[in-house]
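The values are calculated or read from the model by the stated rules, or taken from the named source; none is laboratory data. Since we're looking at a predicted model, the values are computed, not measured. Methodologically, a virtual Cβ is constructed for each residue, glycine included, from the backbone with ideal geometry; neighbour enumeration extends over all protein chains shown. In case anyone asks, the SASA skips ligands and DNA or RNA and just uses the protein heavy atoms, side chains included. Shrake-Rupley method; radii C 1.70, N 1.55, O 1.52, S 1.80 Å.
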Amino acid sequence: MDIYELENLRKNTLKEIDNLKPFVILGTFVIPSLVLIIFHYSGYDVKSASIPIAFILCLPMIFYIADIFELDKTPQIKYMLFARITPMIFFTIATNLAEKYPKFFYIVVIIFTIFSMNLIYKMCMKSIKKSKQKKYQKEFKIQSLKPYLAEFGYDYNENGLIENMYLRHSKIFRESINYIESGNDKICGKVDGIKFTFVDIALVDTIKGYDIYGVFFHASFNKKANSNLFVISNDTTNDNAKQFKKITMDNSEFNAKFSVYSNDLQNAMYILSPAFMKRLLDLKRRLNFPISVSFAGDKIYIFLDTGKDNFEPDIDKSVLRANPAFTIKRELSHFLSIVKTLNLNTRIWKA
């Protein structure tokens, strides 16, 4: 599949999505239908109809808000409170309105019915688009990214996962992280004799209630260290690192950008040589994302908090005009430069 076939696939996918719009619009009429049924069976008594109507009209709003703010990934207690308190507020308003202003109640029902139909339409179209564009994104990666990475001798799996043990062993993430095998765009290979793997990941912090998006990188070394060492950029934080002593390095520019934590001062000073600190500063300037680095055993772990799902082509942008392949390849080249930039083939480990 060449670039023109990819463009045709993109256009056809968008056309498929557009073709489903009339059916989605038709489906939204289930809301006014249910409202009319409730009115009919209640004998058009607004008092008895107020609670079931309020329940039907508030459901789309609850789901829409939960989807926009991803409340299902927040701590369970917060999600349960939202899911229970919101209907109660609607029920209270609806019953009071039906009792005191029955004529105005009909107007409010009409307004909220139209509003609820609109929300259902948006949620359905968003879900359809998300599902349909996956096929295009997969084909795009197979045709554009896989051959590009193969030129460097790297293995690429667009659905590749990161194993839990690497995430845990890195100690970069909080214990409240929902550790499932997650991620995509897994790239493995060798640079200057150093084996590396990096994966685009998405994790959920079940306590703080937010998603974590970024690129997780790990590489092996020839020697093993027996101490813990964290290097955390000052635009992020790490609870695990703070369990150890903070070390001030003999580099004011480095200290302005990074904080160092370790249980072995001598080993920290040995690993974080002036040359290595300079290279880490260069990496920070080049990528401009919050960076968390940990050294454990014979591995170095790096997490770049990009805050987004990386390396995904935008289905709304033309393959021919916008050239998303160029943009994504440029992003990849920055991440792949980690080994060279940090000069990881240097034997920095003590026996």
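Here's the yes/no breakdown for (1) modelled with pLDDT of 90 or more; (2) among the small types (Gly, Ala, Ser); (3) surrounded by fewer than 17 Cβ atoms within 10 Å (Cβ to Cβ):
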position	(1), (2), (3)
Asp316	yes, no, yes
Ala325	no, yes, no
Leu342	no, no, no
Lys350	no, no, yes
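In the stretch 258-277, is there at least one residue being at pLDDT below 90, part of a loop (DSSP other than H, G, I, E, B) and open to solvent by 70 Å² or more (accessible area, probe 1.4 Å)? Checked the stretch 258-277: no residue is at pLDDT below 90, part of a loop (DSSP other than H, G, I, E, B) and open to solvent by 70 Å² or more (accessible area, probe 1.4 Å). Residues in the stretch 18-29 that are surrounded by fewer than 16 Cβ atoms within 10 Å (Cβ to Cβ), in a helix (DSSP H, G or I) and in contact with a helix residue (DSSP H, G or I) (Cβ under 8 Å, 6 or more places away or on another chain): 3 in all.
Pairs meeting the criteria (first residue in the stretch 13-25 and in contact (Cβ under 8 Å) with a residue 60 or more places away in the chain and on the phi < 0 side of the Ramachandran plot, second residue open to solvent by 80 Å² or more (accessible area, probe 1.4 Å) and of a type in the set (Lys, Arg), beta carbons under 8 Å, at least 6 apart or on different chains) are Thr13/Lys135. If you go through the stretch 30-45 one residue at a time, how many are assigned to a helix (DSSP H, G or I) and surrounded by 14 or more Cβ atoms within 10 Å (Cβ to Cβ)? Here the count works out to 6.
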